[in-house]
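The values are calculated or read from the model by the stated rules, or taken from the named source; none is laboratory data. Treat the numbers as computed from the prediction; the structure is a model and nothing was measured. Cβ atoms come from the backbone with ideal geometry, glycine included; neighbour counts cover every protein chain shown. For accessibility, only protein heavy atoms count, side chains too; no ligands or nucleic acids. Shrake-Rupley method; radii C 1.70, N 1.55, O 1.52, S 1.80 Å.
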Amino acid sequence: MARPPLRPEVSLKDQKELRKLLSGGVQQVRVVLRALALLQLATGVSAPRIAKVIPLTAQAIRNLARRYQDGGLDRALYEKQRPG
């Protein structure tokens, strides 16, 4: 049974910020992949279809969408500090 697609409402401001992040400078690969996936989600592409193009699993993309909905752009792109 297919899961219903997640359609996070990525604000225009956040989309602009994502494009700015991708347009220049050195970034971690995981941040770039997450930004690309989030931009694709914003256009309505499903997680399994994104997973065919970007080397992330569909589950990782769904988790990314949930993190964006819960905590915004920084929460979605970057990981929390870990102890140790």
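Magnitude of the charge dipole for the chain, about its Cα centre and with charges confined to Cβ atoms of Lys, Arg (+1) and Asp, Glu (-1), is about 140 debye. Couplings 3J(HN,Hα) for segment 36-42, derived from phi with the Karplus relation 6.51 cos²θ - 1.76 cosθ + 1.60 (θ = phi - 60°), are 4, 5, 5, 5, 5, 4, 5 Hz, where x marks Gly and Pro. Between LYS16 and ILE54, the modelled label-to-label distance comes to 2.1 nm, taking each label 7 Å out from Cα in the direction of the beta carbon.
Rolling a 1.4 Å probe over the protein heavy atoms gives the chain an accessible area of 72 Å² per residue. Ligands, DNA and RNA left out, the 1.4 Å accessible surface of the chain is 53% carbon and sulfur atoms. Here the Karplus relation 6.51 cos²θ - 1.76 cosθ + 1.60, evaluated at θ = phi - 60°, turns the backbone of segment 13-20 into coupling constants of 4, 5, 5, 5, 5, 5, 5, 5 Hz, with x for every Gly and Pro.
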